[in-house]
Amino acid sequence: MVEARPRIDAPRVVVTGRGTISAAGTGVAALRAALHGDETCIGRVTLFPTDGCKVHIAGEVRALPAARLLPRAARVRASRSDRLALIALDEALDESGLALPLANATRVGVAIGSSTGGMLETESYFERTLARRPAGAWRKRLAAATVAAPTGLVAAALGAEGPRLSPSTACSSGAIAIALGAAWIRSGAADVVIAGGADALTRMTFTGFHALQALSSEPCRPFDRERRGLSLGEGAGILVLESDQHAAQRGARPIAELAGAGLSCDATHPTAPHPEARGAASALRNALLAARVGADEIDYVNAHGTGTVQNDVAETLALKQVLGEAAGRVAVSSTKALIGHLLGAAGAVEAIATLVAIEDAWAPPTLHLREPDPACDLDYVPQRGRPLAIRSALSSSYGFGGNNCSLVLRRA
């Protein structure tokens, strides 16, 4: 459970490591370069045929490096989502200085959100089966079909014996995993939590969103009057979360503080946001309450910003409701026009993008935003980023079914 108002004596939760892979490339440095640029990383899908679809683009990872931490026993069965998670984990551990084998494995938790797990490999298995072709190694990869597989593999690679959970709440999975990891630390259930999300592109998600007529045939244009839908993507984002005491004891440098998190549910529609943005606003309020941060202290918001008509209007409404008079001066941007919507990994990678924004004193742009929708009348940093001193920031993720999560990240 994520406390709406943590105990005053609860430990502070700090971020000591981060790792990511996306269409921008492998590593935080690649993401940073893209956030400071003005070109999208969204391009033609090559992982599977898109014949028969009107849309043929996504934020695909073009080069998948070897996953150094992949256990030998899992090399045959590991899915693309699994490998994405391990690649991001490797970088996060390196930055945090957390050495393997773990000194106190029972005090290390793992929470990795996913919405596809090994679906891509399962699809390939059934494709071959239906075509009466030998399934080969695809059969063995059915063992990694579940959305919990990346969490299990990360825990095995680390030898982590603490609490473990695999949130699968669609597009908010990665953010909720981070929120739960922080709650474990504040409650005393763990000293360190490896938290984030990992999702690969799959035929089912691509054709599913296509069937909903939710995909844009050009890279998405969040908050733009002419927006036509979202652009899918894939990748992983992993954070090393620690109590401030544990980080200090081992001499780790905090990158930032995860000051608070807020969860909520719309409890209305399976795909559309609440028309009055009640759930999104509730998550934002709960996050500020948990962080003990006022609306006037927020300098930047990494928006969910999918580029769909309903979501962008609802998110604008939620920000106005919660930030009040401060909403007009706060820089808000969506990175989905840059790397696509990473589904279960979106909240984690966008949290890392927010950390980069804080560290670099930089408001990333909302690419392709040429003419704002009159109903989306906040400062959405159109097309080009700009310098901005950021003390505290919000990062929000809203999933199908009305599963909402907002995180408050603060300069350490």
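Just order 151-158, 42-49, 242-249 by mean Cβ neighbour count inside 10 Å, highest at the front, would you?
Going by the mean number of other Cβ atoms within 10 Å, highest first, we get 151-158, 242-249, 42-49.
Under 14 Å from the Cβ of Thr16, count the other residues' Cβ atoms, weight Lys and Arg +1, Asp and Glu -1, and hand me the total. Intermediate results must be reported in sequence, preceding the final value.
Numbers: positive: Arg12, Arg18, Arg250, Arg253; negative: Glu91, Asp94, Glu95, Asp191, Glu242, Asp244, Glu257, Glu359.
Surrounding charge for Thr16 is -4.
Mind ordering 370-381, 344-355, 304-315, 115-126 by average Cβ neighbours within 10 Å, highest first? Write down the numbers at each step before the final one.
Numbers: 370-381: 16.7, 344-355: 31.1, 304-315: 24.3, 115-126: 22.5.
Those peptides, ordered most packed to least, come out 344-355, 304-315, 115-126, 370-381.
With θ set to phi - 60° and the Karplus curve 6.51 cos²θ - 1.76 cosθ + 1.60, what are the ³J(HN,Hα) couplings of the stretch 396-408 in order, to the nearest whole Hz, using x for Gly and Pro?
10, 9, 10, x, 3, x, x, 8, 10, 8, 10, 10, 10
So what J values fall out for the stretch 28-35 if you push phi through Karplus, 6.51 cos²θ - 1.76 cosθ + 1.60 with θ = phi - 60°, rounded to Hz, Gly and Pro as x?
5, 4, 5, 5, 4, 4, 5, 5
Of all DSSP beta bridges in the stretch 259-411, what percent run antiparallel (nearest 5)?
Around 65 percent of the beta bridges assigned by DSSP in the stretch 259-411 are antiparallel ones.
Sort Lys54, Lys336, Lys140 so the one with the fewest other Cβ atoms within 10 Å of its own Cβ comes first. Could the numbers behind the result be given before it?
Working: Lys54 9, Lys336 29, Lys140 14.
Least to most surrounded, the residues fall as Lys54, Lys140, Lys336.
Could you size up the charge dipole of the stretch 13-249 around its Cα centre, putting +1 on the beta carbon of Lys and Arg and -1 on that of Asp and Glu, and report it in debye to the nearest 20?
900 debye
Points 7 angstrom from Cα along the Cβ direction at Ala156 and Ala272: gap in nanometres?
Modelled inter-label distance: 4.4 nm.
What's the exposure ranking of Val15, Val193, going from fewest to most Cβ atoms within 10 Å?
By the 10 Å Cβ count, ascending, the order reads Val15, Val193.
If each residue of separation counts as 0.36 nm, what is the full-extension length gain between Ala131 and Leu64 once their alpha-carbon separation is subtracted?
Result: 21.4 nm gained on full extension.
Pull up the cross-link candidates among the aspartates and glutamates for Lys54, meaning alpha carbon to alpha carbon under 15 Å and not fewer than 8 places away within one chain.
Glu218
Per DSSP helix of 4 or more residues, -39500 (n - 2.57); summed, then divided by the residues of the chain. What does that give at 222 nm, rounded to the nearest 500?
Rounded to the nearest 500, it is -9500 deg cm²/dmol.
Mind giving me the nanometre distance, one decimal, between the label points for Glu218 and Ala326, set 7 Å out from Cα along Cα→Cβ?
Simple spin-label model gives 3.6 nm for this pair.
What FRET efficiency comes out for the pair Arg225/Ala10, r = Cβ-Cβ distance, R0 = 56 Å, nearest 0.05?
0.80
Please figure out what share of the DSSP beta bridges in the chain is antiparallel and state it in percent, rounded to the nearest 5.
Counting DSSP beta bridges with both partners in the chain, the antiparallel share is about 70 percent.
Can you run phi through the Karplus equation (6.51, -1.76, 1.60; θ = phi - 60°) for the stretch 44-51 and list ³J(HN,Hα) in whole Hz, with x for Gly and Pro?
Taking θ as phi minus 60°, the curve returns 5, 6, 10, 5, 7, x, 10, 4 Hz for the stretch 44-51.
Taking every Cα atom in the stretch 259-411, find the radius of gyration and the maximum pairwise distance Dmax, and write them in Å.
For the stretch 259-411, the Cα-based Rg and Dmax read 13.7, 39 Å.
For the residue pair Cys265 and Gln310, what label-to-label distance in nm results when each label sits 7 Å from Cα along the Cα-to-beta-carbon direction?
Each label point is offset 7 Å from its Cα along the Cβ direction, giving 1.8 nm.
Tell me which residues come under 5 Å, amide H to amide H, from Val381 once H is placed; ignore anything under 5 positions away on its chain.
Amide H neighbours of Val381, under 5 Å, 5+ apart: Val332.
For the chain, report the convex hull volume of the alpha-carbon atoms normalised per residue, in Å³, without decimals.
So the per-residue Cα hull volume is 117 Å³.
Computed from the coordinates by the stated procedures, all read-outs in this text should not be read as laboratory data. All values reported here derive from a predicted model rather than from experimental measurement. Don't worry about glycine lacking a Cβ; one is built from the backbone with ideal geometry, like all the others, and counts go over all protein chains shown.
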